[in-house]
């Protein structure tokens, strides 16, 4: 019986890992479809808002996710700042950037979240050990970016493409900052509640941006494909995936959950090439491989076997 449960648990964690990679990896495809109708400001605001509503529903349905703790003002100050770096800034920058670069390139660039997080942790979190693998990961990550962006830098006619790539790189850095800030957050609620509150702040901030700019939500008549893509983007990539990720960490641990960092860019590139006919150069594929190796090197923990000792 115990062995059966162990096998089922092993299967469950791999199913969750694949589901999370598919959801997060599909966000770039969904962005492209949504941007055919919606403006970048609308895409980012709707993603945060639909994600907030989805997580609010899960908090109501799942007893273990519910939390009656009254949040203090200090908690909301931190959540407001984390919400800016986790939702407001990156959601908008990714949507804006994908107007100028295809979804496959966006997926490759977003793989740098893991490398940027590593750099920030090494510099600002003194308790984190600095290993040779982390330095190799940083060096490979830098090399991967140079290989990917060099064709855009060397060809002046691709200025908009370079700006789009820069926007998505900034979004990746923003996500990394939020991950480091979340580490400093005291235990003041369940992970799903914290994610819901972060998206609430993002939705409010992005809604204020929409009102401030006074621009329309759409630039073309509404189409069913774009609307479905937008709902899926918010409900799955902005909502359900957080619930699945919390489940995966609880079932298999944070180290195993970290493997999603390898899969998301691969899924994003695959979906972009197959369904949107995105064209990638040889240098783009090379950078994808190098960035995957960078993430692997940064997370690699070698085990040393001591010969002659029990």
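Every number in this text was worked out from the coordinates using simple rules, so none of it is lab data. Quick caveat: nothing in here was measured; it's all calculated off a predicted structure. Cβ sites come from the backbone with ideal geometry, for glycine too, and all protein chains shown count toward neighbours.
The figures follow:
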item	result
Residue 300 paired with residue 183, simple spin-label distance in nm, labels 7 Å along Cα-to-beta-carbon	2.2 nm
Over the chain: Kirkwood hydrodynamic radius from C-alpha pairwise inverse distances, Å	20.4 Å
Cα-based shape type of the stretch 76-128, given that a ≥ b ≥ c are square roots of the gyration tensor eigenvalues and the cut on a/c is 1.5	oblate
Against the rule of thumb 2.2 N^0.38 Å, how large the Cα Rg of the stretch 222-307 comes out	1.46
Difference of contour (0.36 nm per residue) and Cα-Cα distance, residue 73 to residue 266	65.4 nm
Whole-angstrom gap from the stretch 159-226 to the stretch 9-57, using each part's C-alpha centre	12 Å
Sorted peptide list for 287-298, 174-185, criterion being average Cβ within 10 angstrom, highest first	287-298, 174-185
Contact order relative to length of the chain, as percent, for alpha carbon pairs under 8 angstrom and 6 or more apart	42 percent
Order by protection proxy (mean Cβ within 10 Å, highest first), peptides 77-88, 100-111	100-111, 77-88
Listed residues 53, 199, 212, most fluctuating in the chain (Gaussian network, C-alpha, under 10 Å)	212
Förster radius 45 Å - calculated FRET efficiency between residue 277 and residue 213, Cβ distance, rounded to 0.05	0.90
Most mobile of 90, 186, 265 in a GNM of the chain (Cα contacts under 10 Å)	186
Gyration tensor (Cα) of the stretch 21-133, equivalent ellipsoid semi-axes in angstrom	26, 25, 14
Highest to lowest packing among 113-121, 25-33, 278-286, scored as the average C-beta count within 10 Å	25-33, 113-121, 278-286
Separation of the residue 10 and residue 125 label points, Cα + 7 Å toward Cβ, nm	3.0 nm
The chain - mean residue ellipticity at 222 nm from DSSP helices (-39,500 (n - 2.57) per run, n ≥ 4, rounded to 500)	-24000 deg cm²/dmol
